[in-house]
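S.K.: Structure in structure tokens, see below.
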Amino acid sequence: MDDFDALDRSRAELDRRLAAIGANQWDLPTPCSQWTVRGLVQHCVGGAKMVVLLLGGISQADLMAELGTYRLAEEPTAALAEFAAAADASRAAFHEPGALERTCHHPVGDIPGAQLLRFRIGDMTLHAWDLARAIGADEHLDPDLAEDVYISMSPMAPFIATTGFFGAGPSGDVGPDAPAQQRLLDLSGRRP
């Protein structure tokens with residue numbers, strides 16, 4: 001799967017779950033123990049904003065200062081509009097000539113734009129599932145996208161739990177013949 005196709009598919013998965021958030025669901029807990037639904041949506045908007053800043057050449061220190069001041073709109077319609085605008089801007093930034101070759105001063109260290117693109121695809125895909133789980137929506141991810149993200153993340157399996165982003169990491173209980181979504185969720189520390 002082409003990375004830009006994967007980006008669009010991951011956005012579609014997240015958009016589908018965002019559209020399903022009920023007015024009384026914004027304060028529900030998510031599988032990401034540090035976030036409610038509102039906090040997860042704020043993280044997703046922040047991630048899209050971060051792409052634009054990183055591809056624009058912002059330093060790591062300035063990035064952290066900039067994102068540290070961002071707060072999601074309280075009103076649900078405005079919050080969803082913030083995500084749409086940020087995701088559109090992120091997509092446009094990735095499509096700029098030379099964007100995938102740029103060095104980005106990401107919080108994990110300097111990475112190429114192509115790796116930032118893979119991070120964004122994985123982030124939106126996994127958080128689409130997290131959001132679905134939190135609000136009781138359809139949890140089934142696009143199987144080709146789940147396989148694509150699993151392949152991208154699987155080289156990190158031996159140390160993924162040490163990153164602090166994926167809970168306990170893979171359980172070791174899910175075999176290679178399991179469906180892609182099940183392998184991806186387990187790899188990323190999610191235990192449905």
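Just so you know, all these numbers are worked out from the coordinates, no wet-lab data involved. The shown structure was predicted, so the numbers you read here are calculated from the model rather than taken from an experiment. Reconstructed Cβ throughout: ideal geometry from the backbone, glycine too, with neighbour counts over all protein chains shown.
S.K.: How many of the residues making up region 36-60 are in a loop (DSSP other than H, G, I, E, B) and buried (at least 19 other Cβ atoms within 10 Å of the Cβ)? Lay out the reasoning, then the answer.
M.R.: Restricting attention to region 36-60, the residues satisfying the condition of being in a loop (DSSP other than H, G, I, E, B) are 56-59.
Applying the additional criterion that residues be buried (at least 19 other Cβ atoms within 10 Å of the Cβ) yields none.
Of the residues in that region, 0 qualify.
S.K.: Restricting to region 10-42, count the residues that are out of contact with any Asp or Glu (no Cβ under 9 Å at 6 or more places or on another chain) and of a type in the set (Val, Ile, Thr).
M.R.: 1
S.K.: Here's another thing I want to ask about it. So in region 169-192, with the set limited to residues that are among the hydrophobic types (A, V, I, L, M, F, W, C) and without any contact (Cβ under 8 Å) to a residue 40 or more places away in the chain, which one is surrounded by the fewest Cβ atoms within 10 Å (Cβ to Cβ)? So that I can check it myself, show each step before the final result.
M.R.: Filtering region 169-192 down to residues among the hydrophobic types (A, V, I, L, M, F, W, C) leaves 174, 178, 180, 184-185, 187.
Now drop any that are not without any contact (Cβ under 8 Å) to a residue 40 or more places away in the chain, which leaves 174, 178, 180, 187.
Working: VAL174: 16, ALA178: 13, ALA180: 18, LEU187: 21.
Within region 169-192, the match that is surrounded by the fewest Cβ atoms within 10 Å (Cβ to Cβ) is ALA178.
S.K.: Taking region 109-131, which residues are of a type in the set (A, V, I, L, M, F, W, C), in a helix (DSSP H, G or I) and under 19 Å from PHE165 (Cα atoms)?
M.R.: At the first step, the residues of region 109-131 found to be of a type in the set (A, V, I, L, M, F, W, C) are 111, 114, 116-117, 119, 121, 124, 126, 128-129, 131.
Checking the rest, the ones that are also in a helix (DSSP H, G or I) come to 114, 116-117, 119, 121, 124, 126, 128-129, 131.
If the condition is that a residue be of a type in the set (A, V, I, L, M, F, W, C), in a helix (DSSP H, G or I) and under 19 Å from PHE165 (Cα atoms), then LEU116, LEU117, PHE119, ILE121, MET124, LEU126, ALA128, TRP129, LEU131 are the ones that fit.
S.K.: Run PHE166 past the list (1) crowded, with 17+ Cβ neighbours inside 10 Å; (2) part of a loop (DSSP other than H, G, I, E, B); (3) over 15 Å from the mean Cα position of the chain (by Cα); (4) not β-branched (Val, Ile, Thr) and report the number of the one that doesn't hold.
M.R.: Every condition holds for PHE166 apart from (3).
S.K.: A further question follows. Please verify whether region 179-188 includes one or more residues that are polar (S, T, N, Q) and touching a Phe, Trp or Tyr at 6+ places or on another chain (Cβ under 7 Å).
M.R.: Restricting attention to region 179-188, the residues satisfying the condition of being polar (S, T, N, Q) are 181-182, 188.
After this cut, where a residue has to be touching a Phe, Trp or Tyr at 6+ places or on another chain (Cβ under 7 Å) as well, the list is 188.
The answer is yes, given that some residue of region 179-188 is polar (S, T, N, Q) and touching a Phe, Trp or Tyr at 6+ places or on another chain (Cβ under 7 Å).
S.K.: Return the total of residues in region 12-25 being surrounded by fewer than 18 Cβ atoms within 10 Å (Cβ to Cβ), of a type outside the set (D, E, K, R) and more than 13 Å from the chain's Cα centre (by Cα).
M.R.: Residues that pass the stated criteria total 6.
S.K.: Looking only at residues that are part of a helix (DSSP H, G or I) and not aliphatic (A, V, I, L, M) in region 82-108, which one is surrounded by the most Cβ atoms within 10 Å (Cβ to Cβ)?
M.R.: Here is the first cut: in region 82-108, the residues part of a helix (DSSP H, G or I) are 82-94, 99-101.
When the remaining residues are screened for being not aliphatic (A, V, I, L, M), the result is 82-83, 88, 90-91, 94, 101.
Working: GLU82: 20, PHE83: 21, ASP88: 12, SER90: 26, ARG91: 17, PHE94: 20, GLU101: 9.
Per the criteria, the residue is SER90.
S.K.: So which residues in region 51-83 are under 30 Å from GLY22 (Cβ atoms), free of Cβ contacts under 8 Å to residues at least 12 places away in the same chain and of a type in the set (A, V, I, L, M, F, W, C), if there are any at all?
M.R.: ALA73, ALA78, ALA81
S.K.: Separate question: Can you name every residue in region 135-149 that is surrounded by fewer than 21 Cβ atoms within 10 Å (Cβ to Cβ) and in contact (Cβ under 8 Å) with a residue 24 or more places away in the chain? Walk me through how you get there before you give the answer.
M.R.: Restricting attention to region 135-149, the residues satisfying the condition of being surrounded by fewer than 21 Cβ atoms within 10 Å (Cβ to Cβ) are 135-140, 142-144, 147.
Those that are surrounded by fewer than 21 Cβ atoms within 10 Å (Cβ to Cβ) and in contact (Cβ under 8 Å) with a residue 24 or more places away in the chain: ILE135, ALA137, ASP138, GLU139, HIS140, ASP142, PRO143, ASP144, GLU147.
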